[in-house]
Amino acid sequence: MKIKQIFTITILCIIVSLYFTPAMAEQKEIMWQPYDTGIKMIKEQSKKGFLHFYTDWCTYCKIMNKQTFVDPKVIDYLNNNFVSIRVNAEKQKKVAKKYGVSRFPSTWFIAEDSTSLSNQPGFIKPDMLLDMLKFLNTDSFKEMKFSEFVANQKKTNKEKKTITQ
């Protein structure tokens, strides 16, 4: 009887250790801030802000959570370059009203002085969001249109691939 118990416990330990690999333990998430804290951090850290409005019932909000906000490149870029703020518009109606948000999801990009730079309503795919974040973070919006920035990014990426091949 004791041998069966030891064997069972050993098997369970092996299964658990395989399931909880180091990669899973290191899985990163976006460092979301509440609205008031985030706005304060933007000013104190002199960083741009990423303000995302959602609701619990919004289908595209859920899709964005499952596709965009789990992308490792998006997570890293947001965590390293922006103060990320997440607002449930049903629970923080005054904040949503302040930005005129009535459709979801809605994403706002905030300057270092906490003024609005731009906004994008609706679902945003990971690659598109990454391009938008880079465009704003590098202040490229002061020199060119977003379409030019994206074209330059594609050209640069092609050149890098050609050089490494």
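All of the numbers you see were taken from the coordinates with simple rules; none came from a lab. All values reported here derive from a predicted model rather than from experimental measurement. Cβ coordinates were reconstructed from backbone atoms using ideal geometry, including for glycine residues, and neighbour counts include every protein chain displayed.
Counting the residues of the stretch 81-123 that are aromatic (Phe, Trp, Tyr) and over 13 Å from the mean Cα position of the chain (by Cα) gives 2. Only a single item in (1) without any contact (Cβ under 8 Å) to a residue 40 or more places away in the chain; (2) within 22 Å of PHE146 (Cα to Cα); (3) among the β-branched types (Val, Ile, Thr) is not met by THR59, and it is number (2). When you look at VAL101, is it free of Cβ contacts under 8 Å to residues at least 60 places away in the same chain and among the β-branched types (Val, Ile, Thr), yes or no? Considered against the rule, which asks whether it is free of Cβ contacts under 8 Å to residues at least 60 places away in the same chain and among the β-branched types (Val, Ile, Thr), VAL101 comes out as yes.
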